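Step one of this worksheet: look at the structure below.
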Amino acid sequence: MNIIVPIKQVPDTTEVAIDPKTNNLKRAKESKINKYDRFALESALQLAKKLDDEVIAITMGPQNADQVLAEAIGMGASKGILLSDRAFAGADTLATAYTLSIGISKVPDIRLIVVGQQAEDADTGQVGPLIAKQLQLPQATYVSKLKQITQSNLEVQRLLGNIEIDEILSYPALLTISDNFDTPRYMMPSKLMDLNTDQQIIIWQMKDLDLDSQRIGLSGSPSVVRKILVPDSSQRRTQELPGNISEQTDAIKLIIQEKMGLQSW
């Protein structure tokens, strides 16, 4: 069976810039796999070894996003799927999750979908759960450990702050993997040297997918970035709030109300 790992192409730079006209992130020429997705790949590869499954990475992006699929194959995935079409551009998390879910549903015999907990550029943590919703799958978020793996179900440990929760899921299901999971493995040079791009990286365009055109790209995105401001650290101030937690909470609510001009909460 197949374990699908949605991955994201992110800029390979610490100098993140915003386009002042579109308010979108400027994509750097060099890119890499989102660091959180590497934890998802690691968990998927461990699961595949136990279950004798195949790991398939999938991403949505421009043609050069095949770089991150090659990285995933270098780590041990058997193949990659690139969803690439100009119609997909400008997608928010909802439109992205919809497009990915339609691409994923085209893959047969899916046992699990394994997603990183969030993207290091947008930092929303929404795409994984939205894919689960779209495909009507049970999900477990912030998985930090695989406890028991069988052919019929999977026991995982979730780490929510300092709280550990054990859950058992039947297949098919979706997991989002915490960065508290095992350290991701390195790419294997032999895998990259043997990479057959034509056979191991599949490209699907809009015409290859059964998509609702009103739910993809910019037109299918209900959330739009209106403006992005860089925080001015020189204007930051600290304020100590006396009292117990309840009194401090009330004080914080009042401060927010005043700043936002709210009459009540």
What pairs come out if I take residues in the stretch 112-133 that are within 12 Å of residue 94 (Cα to Cα) and in contact (Cβ under 8 Å) with a residue 40 or more places away in the chain and pair them with residues that are surrounded by 23 or more Cβ atoms within 10 Å (Cβ to Cβ) and among the basic types (Lys, Arg) whose C-beta lies under 9 Å away, six or more apart or interchain? 127/8
Could you say whether any residue in the stretch 109-118 is out of contact with any His (no Cβ under 8 Å at 6 or more places or on another chain) and farther than 25 Å from residue 49 by Cβ? yes
Considering only the stretch 205-260, state which residues are among the basic types (Lys, Arg) and more than 24 Å from the chain's Cα centre (by Cα). 207, 236, 237, 253, 259
Single residue of the stretch 214-235 satisfying the filter (of a type outside the set (A, V, I, L, M) and modelled with pLDDT under 75) that is nearest to residue 94 (Cα to Cα): 226
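State all residues of the stretch 204-227 that are within 23 Å of residue 77 (Cα to Cα) and buried (at least 16 other Cβ atoms within 10 Å of the Cβ); if no residue qualifies, say none.
The initial filter retains those residues of the stretch 204-227 that are within 23 Å of residue 77 (Cα to Cα), namely 204-205, 208-209.
Correct list: 204, 209.
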Please go through the stretch 228-249 and give me each residue that is more than 24 Å from residue 122 (Cα to Cα), open to solvent by 80 Å² or more (accessible area, probe 1.4 Å) and outside any loop (DSSP other than H, G, I, E, B), ordered by number. 235, 245, 247
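Out of the residues in the stretch 4-54 that are in a loop (DSSP other than H, G, I, E, B) and β-branched (Val, Ile, Thr), state the one that is modelled with the highest pLDDT.
Per the criteria, the residue is 7.
Here's the yes/no breakdown for (1) of a type outside the set (A, V, I, L, M, F, W, C); (2) in a helix (DSSP H, G or I):
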position: 166; (1), (2): yes, no
position: 169; (1), (2): no, no
position: 174; (1), (2): no, no
position: 181; (1), (2): no, no
position: 184; (1), (2): yes, no
position: 192; (1), (2): no, yes
position: 199; (1), (2): yes, yes
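May I ask you to verify whether residue 143 is open to solvent by less than 40 Å² (accessible area, probe 1.4 Å), β-branched (Val, Ile, Thr), outside any helix (DSSP H, G or I) and in contact (Cβ under 8 Å) with a residue 40 or more places away in the chain?
For residue 143, the condition - open to solvent by less than 40 Å² (accessible area, probe 1.4 Å), β-branched (Val, Ile, Thr), outside any helix (DSSP H, G or I) and in contact (Cβ under 8 Å) with a residue 40 or more places away in the chain - is met.
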Single residue of the stretch 166-188 satisfying the filter (open to solvent by 50 Å² or more (accessible area, probe 1.4 Å) and touching a residue at least 60 places away in the same chain (Cβ under 8 Å)) that is nearest to the chain's Cα centre (by Cα): 179
From the list 95, 89, which one is at pLDDT 95 or above, out of contact with any Pro (no Cβ under 7 Å at 6 or more places or on another chain) and of a type in the set (A, V, I, L, M)? 95
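The values are calculated or read from the model by the stated rules, or taken from the named source; none is laboratory data. None of these values were measured; they are calculated from a predicted model. No Cβ is skipped: glycine too gets one built from the backbone with ideal geometry, and neighbour counts run over all protein chains shown. Remember, those area values only see protein heavy atoms, side chains included, never the ligands or the DNA or RNA. Shrake-Rupley method; radii C 1.70, N 1.55, O 1.52, S 1.80 Å.
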